[in-house]
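Quick notes on the structure that follows.
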Amino acid sequence: MRAFQSHGKSRISQQLQQLLVLSIAAACNAAYADDTDMSDEISTVEINAPRRVANEKLLLDRVSSGSRLDMSVRETPASISIVDRSTIEARGASDTQQILNGVPGITAASPPGSAGFVSYRGFSGSQITQLFNGITVQYDAIAARPIDSWIIDRVETVGGASSFLYGSGAVGGSINYITKLANRDGNATDVFSSAGTNNSAVLAAGFNRQISGDNAETSDNNTANYLRIDVSRSANDGDGDYSIEGERRRASTVAVSLLSDITPQLSHTLAYEYQNEIVKRPYWGTPVLNPIAGTAVIDSNLRFKNYNAEDGRYDQSVQWLRSMIDYRLSDATSFKNTLYHYQALRNYRNIETYRYTPDNSMIQRSGGLLQRHEQDMTGNRFEVLHKATLAGLASDWAAGADYSVNRVTRFPRSYPGVIDTVSPYDFNPGEFFDIPGMTLGNGPDKTNRTTTLAVFLENRTQLLSQLALVSALRHDQIDLTVTNKREVTPTNPAFFKRSYQPTTGRLGLVYDITPHANVYVQYSTAADPPSGVLSTANLAQVQDFGLTTGRQFEVGSKIDFWNGRGNATIAAYTITRKNLAIADVNNPGMTLPVGRQSSKGIELAFGVRASQALKVQGNLALVSAQYDDFMENVNGIAVSRAGKRPTNTPTSVANLWLDYSFMPNWSAGADARYVSSVFANNANTVRASAYTIFGVNLSYRLQQNTTITARIKNLTDKIYAAYITGTPMVYLGAPRTFEVSLAANF
């Protein structure tokens, strides 16, 4: 089969294979190490204990993304999903996008121009807030580009309106990527390596150690210090039969953290994360054949064709630094302060748009863009948690403030017209700087400075033994200033500023039917910028508009059943978003803030240990999303899109995972994912077909702490669109891939 063809002549492939062999040897050596030397370490990490089952008892987990009240998933009146580390590994999710695609109702894709795309509960783009350790950089569609999953400890999601937690945005939901941190759970070392189709390879390692303190030989004081380091390196060469022509990717991630227990009440964590990615000749999509109507059709012979320039490129470098102080004043009161800094640099150099000529004989390439993004953000968040009583009722309070300054400068240079017309099959991709007017160097366009000061308050009061009231309130002061770096015009002034003051909140009730089952109801609100993203907004996008507002009603239930061998959640919701910018019927060149968009849906998730050997997990999401009042400017004419579905929004998404253990050391698994069709434009005249993809895996435990796994993704080699643009082009999902991996912990 072509998908499994090897390419032994590749020097990169040989090097990565050597690294894989070395890591296997190291893991096996550790597994056979002398029992006396390893006894303390083994007892600390409890490798003889059964590994946590993916999705097992997640309803009892404390969740940081749905509230600051230190509540469990079950206690929170919202639809919350957790993909923990065990689940990430069991599903073979190699990056954050693959993690997200296992969450109920979420579809995620990474087309280079919008690499952080997520659709959730009928909304997408800036209407979904994506956080890194609880912090948003306010540029999520770009900044939330998938990263390798090795440094991720878990991903938490909150469905629906949730601006009351982390600020503007989050009409459709919030996503929080939480990285690994130093901990007190004992010394541990993890190693992972994989190699697969088209010279893809990953090498990763990490460890957690107590390096000083009462239990460390090197300490001469009572301060305990714990160090964690995680690093990964991944590569993919586009020279195989089942890979995008000419595309090559290299990525590295590093996470380092130091936890210091200064006193029994006071601790400090210093954390640093680094992400670097370089993609040469990135794939931007496959053109759709004419006529462009109905179901989009592509020439399957062009599945792996790349129409980007020979020297096309995307690269990014991201750094995070956090200083976190935790102080426990008493058993009832604790404080936390997080000082954070974010810095990112991104570069684009690509030909981005491809369209067939009317007779489908040639392809026109256009949309040459040379772009640079420079972004930095500094902020501080202070939180207090107090457990008390209110009129004799147990009442927990959380309050705090968050201040941040976010600066984004873009350096765009574009050539929007047709660059050339080439044969679909055999052509010279050319060099990017052969495009007329394209020269080396970048010139700044404008700098957007967004200053945010927020105060927030949450409460949970136990009204009755089985009934709790949960509430939250947040107020933001958002100040935007934009400094023009180019020629001053009436529509592009030298400087302008805008201010916004949204107040958002939540009110919910949770009723425990039994100790293992509850029902809840909640009302929550959200607000997002009129331009979608203030970090890149121009005057026309914000001149006459306030924040877009949203509200959600949700009811649901969370249960454990079958003596704890199964759990399930169900939620039904309706969301309304108002004050969208729409075209003025009487003046189509102008816009009015009177639009309306809505969605309603149902989500179901479950996990069952059917027997000691068989585990089943699954989820299903159904959503009906539409524009209720929306006028689109089409060639100077205002056209109503009322009743139309937003682009790239499926009506149904389903996932299923089966895991079966057999014989002492073997296990096998299978998975399936279904996504319904989506539309490419607001007129709903072009759609991408629904698809179903399958995967299988087989694992063998070499030793108690060492497992080798073979995995096939997209088993049937389905050709499907992960994303579709209005051009239209389709961004194709990954073909059938095979990989073998080794994981060890000791």
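Points to keep in mind about this one:
- As a summary of the residue check, F164 satisfies the conditions (1) aromatic (F, W, Y); (2) surrounded by 17 or more Cβ atoms within 10 Å (Cβ to Cβ); (3) outside the structural domain of I82 (by the TED database) except for the one numbered (3).
- Among the residues making up segment 63-91, those that are surrounded by fewer than 22 Cβ atoms within 10 Å (Cβ to Cβ) and part of a strand (DSSP E or B) are S72, I82, D84.
- Residue list for segment 496-542, restricted to those being part of a loop (DSSP other than H, G, I, E, B), over 26 Å from the mean Cα position of the chain (by Cα) and of a type in the set (S, T, N, Q): Q501, N538
- Filter result (of a type in the set (S, T, Y) and under 15 Å from A115 (Cα atoms)) within segment 88-104: T96
- Residue ID - surrounded by the most Cβ atoms within 10 Å (Cβ to Cβ), chosen from residues in segment 605-660 that are in a loop (DSSP other than H, G, I, E, B) and polar (S, T, N, Q): N648
- Unique residue being under 30 Å from T263 (Cα atoms) and surrounded by fewer than 19 Cβ atoms within 10 Å (Cβ to Cβ) when the list is D315, D326, D311, D299: D326
- Scanning segment 669-692 for residues that are touching a Lys or Arg at 6+ places or on another chain (Cβ under 9 Å) and buried (at least 20 other Cβ atoms within 10 Å of the Cβ), we see that the one that is farthest from L658 (Cα to Cα) is A680.
- Pair list, Cβ < 9 Å and 6+ apart or interchain, from segment 503-515 residues that are free of Cβ contacts under 8 Å to residues at least 40 places away in the same chain to residues that are assigned to a strand (DSSP E or B) and among the basic types (K, R): T503/R474
- Scanning segment 259-303 for residues that are touching a Ser or Thr at 6+ places or on another chain (Cβ under 8 Å) and closer than 26 Å to S330 by Cβ yields a count of 8.
- Being closer than 24 Å to T549 by Cα and not aliphatic (A, V, I, L, M) holds for only one residue in S124, S200, S212, and it is S124.
- The residue of segment 100-131 that is surrounded by the fewest Cβ atoms within 10 Å (Cβ to Cβ), among those that are aliphatic (A, V, I, L, M) and touching a residue at least 40 places away in the same chain (Cβ under 8 Å), is A109.
- Candidate set from segment 656-696 (those that are among the β-branched types (V, I, T) and under 30 Å from A638 (Cβ atoms)); member that is farthest from the chain's Cα centre (by Cα): T685
- Per this entry, A182 is not counted among residues that are closer than 30 Å to K578 by Cβ and not in a strand (DSSP E or B).
- Within segment 372-386, residues that are of a type in the set (F, W, Y) have Cβ atoms under 7 Å from residues that are at pLDDT 95 or above and in a strand (DSSP E or B) in these pairs: F382/N337; F382/G400; F382/A401, counting only partners at least 6 apart in sequence or on another chain.
- Hits in segment 484-511 (condition: surrounded by fewer than 16 Cβ atoms within 10 Å (Cβ to Cβ), farther than 26 Å from T452 by Cα and β-branched (V, I, T)): V488, T489
- Of all the residues in segment 92-122, those that are outside any loop (DSSP other than H, G, I, E, B) and in contact with a strand residue (DSSP E or B) (Cβ under 7 Å, 6 or more places away or on another chain) number 14.
- Exclusive hit being at pLDDT 95 or above, at negative phi and within 13 Å of the chain's Cα centre (by Cα), set I142, I147, I175: I175
- Within segment 74-99, residues that are closer than 22 Å to S200 by Cβ and assigned by the TED database to the domain that holds R250 have Cβ atoms under 9 Å from residues that are of a type outside the set (A, V, I, L, M, F, W, C) and assigned to a helix (DSSP H, G or I) in no pair, counting only partners at least 6 apart in sequence or on another chain.
The values are calculated or read from the model by the stated rules, or taken from the named source; none is laboratory data. Since the structure is predicted, the reported quantities are computational estimates derived from the model, not experimental observations. Virtual Cβ from ideal backbone geometry, glycine too; neighbours counted across all protein chains shown.
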